[in-house]
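To start, the structure under review is shown below, and the notes come after it.
Since every read-out is calculated from the coordinates, none of them should be taken as a lab result. Please read all numbers here as calculations on a predicted model, not as lab measurements. Here the Cβ positions follow ideal geometry from the backbone for every residue, glycine too, while neighbour counts run over all protein chains shown.
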Amino acid sequence: MSIPKIVTSRLGFDDSFTMDRYIKTGGYQALRKALKAKPEEIREEVTTSNLLGRGGAGFETGRKWSMLRPNPVRYLVVNGDESEPATFKDRMLIERDPHQLVEGTLIAAYAIQATQAFIFIRGEFALGLERVINAVNEAYEYGAIGENIFGSGFSIDLVVHPGAGAYICGEETALIESLEGKRGFPRIKPPFFPAAIGLYGDPTVVNNVETMSNMPWIVNNGGAAFASLGEGRSTGTRLFALSGHVNQPGNYEVEMSKSTFRDLIYNPEYGGGVRRNNQVKAIIPGGASAPWFGPDQLDLALDQDAVAKAGSMLGSGSIIVMDEETCMVRAAWRIARFFHRESCGQCTPCREGSGWIDRIMRRIEDGYGREEDLDLLMDACDNIAPGVSWPPAQTTICVLGPSIPSSVAWSIRMFRDEYLIHIKEGGCPFR
Amino acid sequence: MARFTTENLEKASEIISLYPEPRSALIPLCHLAQAQDGWLTPEAIGQIADLIGLSPAEVKGTASFYDMFHTEQVGEYLVGVCTNISCMLGGAYELLEHCEDRLGIRCGQTTKDGKFTLEEMECMAGCDGPPCVTVNYRYFLGLDNSKFDQLVDDLESGRLDEEVPKHGTVFRNARQGGLRANKGEGQTK
Amino acid sequence: MSDSSEKFNISIDGIECEANAGELIITACDNAGVHIPRFCYHPRMKPVGMCRMCLVEVSGPRGMSLAPSCYLQVAPGMEIVTDSEKVKKAQDGVLEFLLINHPLDCPVCDKGGECPLQDQTLAYGPGESRFVESKRHWAKPIPLSDLILLDRERCIQCGRCIRFAEEIAGDPMIDFMSRGETIEVNIFEENKFTSYYSGNTVQICPVGALTATPYRFASRPWDLEQVESTCMSCANGCRMVVQSSQDKLIRNLGIDSDPVNQSWLCDKGRFGFTANQSDLRVTVPLASNEEVSWKSAIDFVADAIKQAVDSTGPESVAIIGGSRLTNEDAYCWSKFARSVIGTDSVDAQLGDGLAPELVLGLPKATIDQACKAPLVVLVGPDIREEAPILFLRLKDAATNGQTKLIEVTPNATSLSKYATQSLFHRPGEQHVVISALVSPQELKPPTQGAPIQPVAGVDVDDITLARKLIQENKDAVFIVGRPSMADSEEILTESVSQVVANMSEAKFLTLLRRANTHGALDSGLAPGCLPGRTTLDLGKEHFTKIWGKVPATKGSSCTEILQKASRSELKVLILLGADPIKDFPSKKLALSAINSDTKIVSITAHMNDSAKLSDVVLPATMFGEKAGTTTNFEGRVSSLGKKVTAPGQSWDDWAIAVTLAMRLGGDLGFNSLEDISEEMEKYVPLYRNLKPHIWESSAQKDGIVLPITGESVKPRWIDPIATPGISSLTHHRVALRDSNDNTLELDTGKTSEFQVLRFEPHQGDLKIPTLDAYSLRLMAPRRLYDAGTHDGPASATEELPSILNLNHYDLDRIGASTGDRVKVVSSTGEHVSKVALDDSIAKGTALIWFNLKANGDEIGASDLIGVGELVTDIRLEAI
Ligand SMILES: Cc1cc2nc3c(=O)[nH]c(=O)nc-3n(C[C@H](O)[C@H](O)[C@H](O)COP(=O)(O)O)c2cc1C
Ligand code: SF4
Ligand code: FES
């Protein structure tokens, strides 16, 4: 059986983003079909599909929906803030197949009986914003959004909301704050689980763009068909954003659990191997927040639970490949610096700790490191994420805090020698 | 100066009507103000505060949380070079050095003629074409030094005017209202 | 926190204890005596859980995990661990993180020595810093306003100041700017942080980031001496700590008095001590503006009084003022006037207050009762301008949804945005609106089917809605005060009559402006009144027994006194801390009284306009320089602390009365303050049980509402980090215990030797003149900062010019625009004034703030207001 393209089926067309192409390729049929069913039937299909959220946490979508507090007002918010370093799958879906996203959103909105839906798009996605706004405008005209959609009696408003540049707004409660017109300060869970207290205090579902983009296929083909792909809890296909030292960086939709990191990196259809035929030195699965893997773990299956068991995460579905010519200190520093620049500033450990760690790492890379800095770094990490283990404990409100140690602590654990060379030689041996 | 034009004021009230609560319009209104003036002027902040019922300090405080809002004047073209992990692995810092040389400014600065502001960006989700460069958030992937020089030439000569609007304009189409519009409570298109 | 009285067990560090449903973990621990370090949490504000200092281990579905104790509520069976290695490591870590970018300039920091960051670092922090990088740098102190400076390097981003400004004060003029490590507190451009409440942010800042100019570098905490006292800047009576160094007042801090100010102070009160050091202080006795000895000054006054009494009778001597006095001062002066001089012409108010029978004779409500009432009806002025902390309390009650608020005011107030209903009426017609609201009859059209006319300019629908609310809440609390100096006080009395006649369960909070007006009235400093809230008629017999004699008939009010003086029918006028030229509504009358041949004696701390024109000026001590008690507008008595010696030759007011009495051959029987309070307690039933050791005892720091009932107050723990700088106050409080912590035995024996005053509604018949088409009706409301008798220089607000404000319709009508000068004519005077546009003012009305500094061709409202007129109408002519 050939593996279906679930979210990338239209990408071969240059005009994949147009209403015209969308309709020609079966667009909005799923919505029509869904509206004829009962909302709980759609929810049932999604539960059957076992679609895991594609935003990072990998929570079962059906279960998330079932946790919504009963209330006359409910919101659906689609998370298109994609800012996790090395993750670029949502941008592609947004720019290249906006109608699929809109249709998926409408299906979900119907399934959870939302009273209003928002698609939050990262502000820097200028083209993406134009495309989704167009798609929404067209869908209004087409009768797919608005009052009494396709004569079904179901009505909903869908608002495209631009972000304005802040990684933390990808975190669902920060995203909600941002959508309320506030600074993106994550809320404290408990009690602010969006399903209970979300946007404007009302129950809210926050789902990722890719999660939503799967909806039309699931409705058209049934949850069981989706669940028949992959293995265990990791069902369906998934988009992996492959970048770094591979010959062909890009987004690849592969069946979950059936391939390994090695397949993805070396298969000529995907990564096509490492540049200059170099050896892989380390990979970072799941975005910059994830602990690192060494080459010994390349044969791990692309399976959410398997990766978690091995001590990291599939997260946002990105894979960064670093070859033997890469300086691990520099790589870890750059990620630490990212968190330093993106900390929202609420929590002391994250606000101050990220800056401190950034500065120490920079000093080591620049050749002014001291041996005791390594213990200091590990201890500072421990004060942000007690235990520095996976999954992490935290002293902060949100998990940006404990993401800071990931690159730093794991690179020290895996490449302590390389740090010591920096310290002893007074500089970076790779430069 | 820098107050919303009549036309933009109308747009502003349309935007506010899209949301259950006026404060939600804060970010879109700041984008609107930047599209008009290129940056977020104090006058615009004051006016946005009035429109959504906040104090100017709250509007400025909130807006300054976000990287895209500039409370000081920036160049016509905001050149952003991503140096985050994937782009760094793809040579972003080396390109950035070249950008500084070519434009004659350091990161965070604006050229004397007010044309270019250079910024070091965090990951822009353009990791499949490192290093990722954006100009007013329009993507230019896989640039090397000479392609960057060409890009600057093209921008200076106006060859890219269509593709790259001046700083502040993120999206050029208006968002549609929906139910509220149909009920006649909000904007009409 | 929560209304629910449900209790359950939790365990804290292995010890079982009881907690209340809805309570925060940190509160439960505080109650159990387990201290958790904290920075961002403040017990009077909503928690935000940002600083992460208060992390403890809490049991949850996934076992024990670190959680912010300031944010999470207790749950039945919850296990809390505050002292594990994990918790200590986390606290240690947070402190180290906080310190890495902190300048550690403790030796030069105002907060050094009373700094929660410093203290908690010692208690919970790391031994030494491992930070070798360079610190974050900011430009050193930046001004947020003329009063408040911010040193961003010291800031720990707890957000207390920002949250205070937004959540408590409703003045979000400061906010976090930027993000992450560069996050900073700041204002917007030139919009300064000119909140009336800005000083509170300095008080609650847990580090030395926010400082106030009057205290900067003035002292070190260990050089400070302090005494607890009660603010006398307005009649709210906020509890505060008064601090001095080297016999100079340098700082006031608000005490967390639950029933009164809940730790907040307004800037006028907080920085009021600068008035003690004002250049305008009178420090020596003056006669004809020449320095004289106390002896000759006393001789002069006594001779003048004697001559007057001998030649034209005791009623030719009169006293105006008393609100600056302590209760003991006031009692002493009341006794002096009645028993030695023999005059009943005493008036603590200056025609700008409330009729004494309202203050003394209405069923009273406390601030707490108002804030817990289902409905509050505000009949009067903008409370923020009159009693700023009452404003905070009411705003809180209204925004918490506890209390519905109806306001009946001539135009929008600071409470309008929190009010359920605002009824803006034509000035002078307040009683008409009140009558429509409280009377059993609904509004009816003039003839069947015709539309119902607006009531005094208020929309009928608004009246109907408000009326419904009032009819449903017969136990509403009415807060009554003077909305405008241009309206006669009779109008308010008429409104109150309507309420009392129709709503027997209603309670009242009488809004007085100046500090101890209530205490002065309680002591009988009003014509026809005697101490203990009684009248001359009801109390005559009793006081004749204890004082020897009291006047036979009721004397003159302030207005009548001034009228008598201006007709030269008065021989001696004593101004007891009063400045009629500034504060009396009609300046014309005040001036002609002071300029008459009446001998004017001014007993004052400051050289005010009236003192300048007085024959004799006697220097008096003021707040911070004398002990005693004061009574706020609830009728709550609380103690005043003496902290510094008064400058020069200033005397306490009571001592002046005693000396004058002696010189006149009378003996008041007082040699000390204690003698006075003893007599008050012994002979005036109102003060029964009110003994110094009670109001001085720690149990009674919140003050005691008179008459004492013996009701006990719940013990309360005060968070030392809520108000850094007053750590001595962290004790439990139990009501009515004496200083030895014995339960107080109330002497309930003799309750009433005489009857007290009760307000009797009268059938009013006010004839408010109709406004003719060419005139405007004047509003003259007061602002917090004005040119009145207290001249504390630390004004947080820009000075407003005294100009005439009109809406655009009326401005157009006279063909003027903002900044133009026009001629203003009233029945009393004619002046030229600048005009300004203000569309919040209704058509047909004009507004001049009362008593702002009027200079040049700006006009003071008191130049236009006539005596004995119910309202003031003016005409404008373009020039
Ligand atoms: C710091 C941080 C950043 C995040 N950024 C994103 C993001 O850019 N896009 C996204 O979909 N989810 C992001 N998430 C995850 C969201 O909080 C949330 O789990 C997700 O949107 C839920 O959608 P899903 O269930 O469909 O995966 C982020 C989480 C954290 C803690
Ligand atoms: S962990 Fe960091 S990003 Fe998350 S809420 Fe705290 S300060 Fe903000
Ligand atoms: S997080 Fe609880 S006191 Fe700051």
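Data overview
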{"item": "Student exercise, the protein assembly as shown dipole from Lys, Arg, Asp, Glu Cβ charges, in Debye to nearest 20", "result": "1280"}
{"item": "Chain A shape via C-alpha gyration tensor axes, a/c threshold 1.5", "result": "prolate"}
{"item": "Amide H contacts of C:G635 (H built 1.01 Å from N, under 5 Å, at least 5 apart or other chain)", "result": "none"}
{"item": "Surface/4 of the Cα convex hull for region A:197-267, nm²", "result": "7.0"}
{"item": "For peptides A:422-431, B:90-99, C:843-852, sequence by mean Cβ density within 10 Å, most packed first", "result": "C:843-852, B:90-99, A:422-431"}
{"item": "Most to least packed among C:374-381, C:219-226, C:833-840 [average Cβ atoms within 10 Å]", "result": "C:374-381, C:833-840, C:219-226"}
{"item": "Rg/Rg_ref, region A:230-321, where Rg_ref = 2.2 N^0.38 Å and atoms are Cα", "result": "0.96"}
{"item": "For C:149-159, mean number of other protein chain Cβ atoms within 10 Å", "result": "1"}
{"item": "Cut-off under 5 Å, modelled amide H: who pairs with C:V458 long-range", "result": "C:R426"}
{"item": "DSSP bridge pairs, chain A: antiparallel proportion in percent, nearest 5", "result": "45"}
{"item": "Per-peptide average of other Cβ atoms within 10 Å, ordering B:64-76, C:487-499, C:98-110 highest first", "result": "C:487-499, B:64-76, C:98-110"}
{"item": "Rounded to the nearest 20 debye, dipole of region A:328-425 from Cβ charges on Lys, Arg, Asp, Glu", "result": "320"}
{"item": "Average other protein chain Cβ within 10 Å of Cβ, residues C:91-103", "result": "5"}
{"item": "Span per principal axis, largest first, for the Cα atoms of region C:7-98 (Å)", "result": "37, 30, 25"}
{"item": "Shielding of A:182-192 by partner chains, average beta-carbon count, 10 Å", "result": "5"}
{"item": "Two-decimal Rg to Rh for region B:77-157 - Kirkwood Rh, Cα set", "result": "0.93"}
{"item": "Over 22 Å between alpha carbons, listed pairs C:K46/C:K372; C:K417/C:K468; C:K507/C:K701; B:K112/C:K192; C:K192/C:K582; C:K564/C:K599", "result": "C:K507/C:K701; B:K112/C:K192; C:K192/C:K582"}
{"item": "Convex hull (Cα only) mean projected area of chain C, reported in nm² to one decimal", "result": "39.5"}
{"item": "Positive-end extreme of charge dipole, the protein assembly as shown - chosen from C:Q563, B:H31, C:S129 (charges on Cβ)", "result": "C:Q563"}
{"item": "Residue (of C:V346, C:L511, C:G49) at the positive-pole extreme of chain C, dipole from beta-carbon charges", "result": "C:G49"}
{"item": "Ratio Rg/Rh [Cα only; Rh per Kirkwood] for the protein assembly as shown", "result": "1.03"}
{"item": "Equivalent-ellipsoid semi-axes of region C:565-625, from the Cα gyration tensor, Å, largest first", "result": "21, 13, 8"}
{"item": "Within the protein assembly as shown, percent of DSSP bridges classed antiparallel, to nearest 5", "result": "55"}
{"item": "Loop-resident sites, region A:39-116, for chymotrypsin sites (Phe, Trp or Tyr not before Pro), counting at most 16 other Cβ within 10 Å (DSSP)", "result": "A:F59"}
{"item": "Under 16 Å from C:K295, Cα to Cα: aspartates and glutamates that are on another chain or at least 8 residues apart", "result": "C:D303, C:D615, C:D652, C:D653"}
{"item": "Whether region A:1-140 is rounded, prolate or oblate, judged on the alpha carbon gyration tensor where a/c under 1.5 counts as rounded", "result": "rounded"}
{"item": "Region B:53-189: C-alpha gyration tensor shape, a/c 1.5 cut-off, then a/b vs b/c", "result": "prolate"}
{"item": "Cα-based Rg and Dmax for region C:142-281, where Dmax is the largest Cα-Cα distance (Å)", "result": "15.3, 50"}
{"item": "Separation of the A:D15 and C:N595 label points, Cα + 7 Å toward Cβ, nm", "result": "9.2"}
{"item": "Integer Hz, Karplus 6.51/-1.76/1.60 couplings in order for region A:275-288, x for Gly and Pro", "result": "4, 6, 6, 5, 7, 6, 9, 7, 10, 10, x, x, x, 5"}
{"item": "Using θ = phi - 60° and Karplus 6.51 cos²θ - 1.76 cosθ + 1.60, couplings along region A:320-334 (whole Hz; Gly, Pro as x)", "result": "9, 10, 10, 8, 5, 8, 8, 7, 5, 5, 5, 4, 5, 4, 5"}
{"item": "Region C:273-317 versus region A:386-403: alpha-carbon centroid distance in Å", "result": "75"}
{"item": "Zero-based 10 Å bins, Cα pair distances in region A:1-68, whole percents", "result": "17, 34, 39, 10"}
{"item": "Pair A:Q113, C:E85: separation of 7 Å Cα→Cβ label points (nm)", "result": "5.2"}
{"item": "Nearest-20 debye value, chain C charge dipole, Cβ charges on Lys, Arg, Asp, Glu", "result": "180"}
{"item": "Within region A:1-39: backbone nitrogen closer than 16 Å to the A:E269 label point (7 Å, Cα to C-beta)", "result": "A:1-12"}
{"item": "Fraction of antiparallel bridges per DSSP, chain C only, in percent to nearest 5", "result": "60"}
{"item": "For region C:360-503, diffusion coefficient by Stokes-Einstein and Kirkwood Rh (Cα), 25 °C, 0.890 mPa s, µm²/s", "result": "160"}
{"item": "Percent breakdown of C-alpha pair distances by 10 Å bin, ordered from the shortest bin, for region A:328-425", "result": "18, 54, 25, 3"}
{"item": "Stokes-Einstein D in µm²/s, Kirkwood radius over Cα pairs - region A:19-227 at 25 °C with 0.890 mPa s viscosity", "result": "147"}
{"item": "Reach of A:K64 by Cα under 28 Å, taken over lysines that are not fewer than 8 positions away in the same chain", "result": "A:K5, A:K33, A:K36, A:K38, A:K89, A:K182, A:K189, A:K258, A:K309"}
